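Notes for the one structure printed next.
The values are calculated or read from the model by the stated rules, or taken from the named source; none is laboratory data. Quantities reported herein were computed from a predicted structural model and do not represent experimental measurements. As a convention, Cβ positions derive from the backbone with ideal geometry for all residues, glycine included, and neighbour counts pool all protein chains shown. Heavy atoms of the whole protein, side chains included, go into the accessibility calculation; ligands, DNA and RNA do not. Shrake-Rupley method; radii C 1.70, N 1.55, O 1.52, S 1.80 Å.
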Amino acid sequence: MFTFSQPAPGVLEFLRKRRSHPSITMSEPGPDEDQVRDLLTIAARVPDHGKLAPWRFILFRTAQGEEVGRRLAAILEERQGPLDDDQRQKELTRFTRAPLVIGVVSMAALHPKIPVWEQQLSAGAVCMNLVTAASAAGFASQWLTEWYSFDKEAAQFLGARDDEQFAGFVHVGTPTQAPVERPRPNLADLVSEWSEDT
């Protein structure tokens with residue numbers, strides 16, 4: 001027999017306080033294999049017009065992070081010229097800061113009924129679900145894009161196919177410090193009531 005959902009004040013309170021952690025403040029341990037599977041299962045429970053599942057996941061482990069960093073640094077040097085020490089170190093450690101980085105790949109494509117924009121929004125919803133699920137499981141999490149999401153050579157090196165792009169990379173690990181709250185938008189500046197004159 002169908003029953004209506006009951007209020008979940010604990011969930012609402014969690015969502016009111018959810019905060020991303022900078023990836024540079026994360027440490028081991030990351031989620032184990034069962035936890036990863038659970039996080040990805042939750043991440044995939046998003047609005048998905050047409051049931052297309054227009055997204056997929058690529059997992060990056062710490063052990064692979066140094067190799068990824070070296071290649072990203074090389075690509076960036078091809079684009080911008082020699083990197084200074086700080087920039088080189090930044091690139092080399094992109095995928096070693098958190099014990100797990102989950103790339104969310106948007107597979108949005110032309111469809112006779114489902115606009116590409118809706119498919120891309122679904123991939124964004126996957127990223128947000130993943131960040132929220134990781135936080136609810138007690139991990140630190142941060143959703144990043146960065147230049148390599150939009151650079152074709154770098155994105156292909158990271159696993160995107162010709163017709164795909166990264167919606168983002170979700171870094172997951174153990175927090176080493178409390179997250180810092182940041183200013184939030186004033187709802188009065190963002191909300192209006194519809195009228196024909198709007």
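Data for the structure
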quantity	calculated
Choice from 46, 172, 126 with maximal GNM fluctuation in the chain (Cα, 10 Å cutoff)	46
For residue 174, net neighbour charge (Lys/Arg +1, Asp/Glu -1) across residues whose Cβ lies under 13 Å away	-1
Counting all C-alpha pairs of the chain, share separated by more than 29 Å (%)	33
Cα gyration tensor, segment 18-124 - rounded (a/c under 1.5), prolate or oblate	oblate
Sites excluded, trypsin sites (Lys or Arg not before Pro) in DSSP loops with at most 10 other C-beta within 10 Å, longest stretch of the chain	114-198
Segment 1-80 versus segment 91-147: alpha-carbon centroid distance in Å	6
Solution diffusion estimate, µm²/s, Stokes-Einstein, segment 138-193, Kirkwood Rh from C-alpha pairs, 20 °C, viscosity 1.002 mPa s	148
Kirkwood estimate for segment 91-198, i.e. one over the average of 1/r between Cα atoms, Å	16.4
GNM top mover of 173, 159, 50 - the chain, alpha-carbon springs below 10 Å	50
Residue-level accessible surface for residue 25, protein heavy atoms, 1.4 Å, Å²	20
Neighbourhood charge, 9 Å Cβ-Cβ cut-off, centred on residue 19 and excluding it, Lys, Arg +1 and Asp, Glu -1	+2
Over segment 1-76 - Rg/Rh using Cα atoms and the Kirkwood inverse-distance radius	1.08
Amide hydrogen neighbours beyond the local backbone of residue 83, cut-off 5 Å, H modeled	none
Choice from 117, 143, 55 with maximal GNM fluctuation in the chain (Cα, 10 Å cutoff)	117
Length-normalised contact order of segment 143-198 in % [C-alpha pairs under 8 Å, at least 6 apart]	32
Carbon plus sulfur fraction of accessible area for the chain, probe 1.4 Å, in percent	55
Helix-derived mean residue ellipticity, 222 nm - over the chain, DSSP H n ≥ 4, -39500 (n - 2.57), to 500	-11500 deg cm²/dmol
DSSP-assigned coil residues among GluC sites (Glu not before Pro) in segment 156-198, each with at most 13 further Cβ atoms within 10 Å	181, 193, 196
Accessible area of the chain divided out per residue, in Å², using a probe of 1.4 angstrom	62
Residues with amide H under 5 Å from that of residue 100, placed H, sequence gap 5 or more	172
The chain, relative contact order in percent, only Cα pairs under 8 angstrom and at least six apart counted	31
Assigned charges on the beta-carbon of Lys, Arg, Asp, Glu; the chain dipole about Cα centre (debye)	420
Cut-off under 5 Å, modelled amide H: who pairs with residue 166 long-range	106
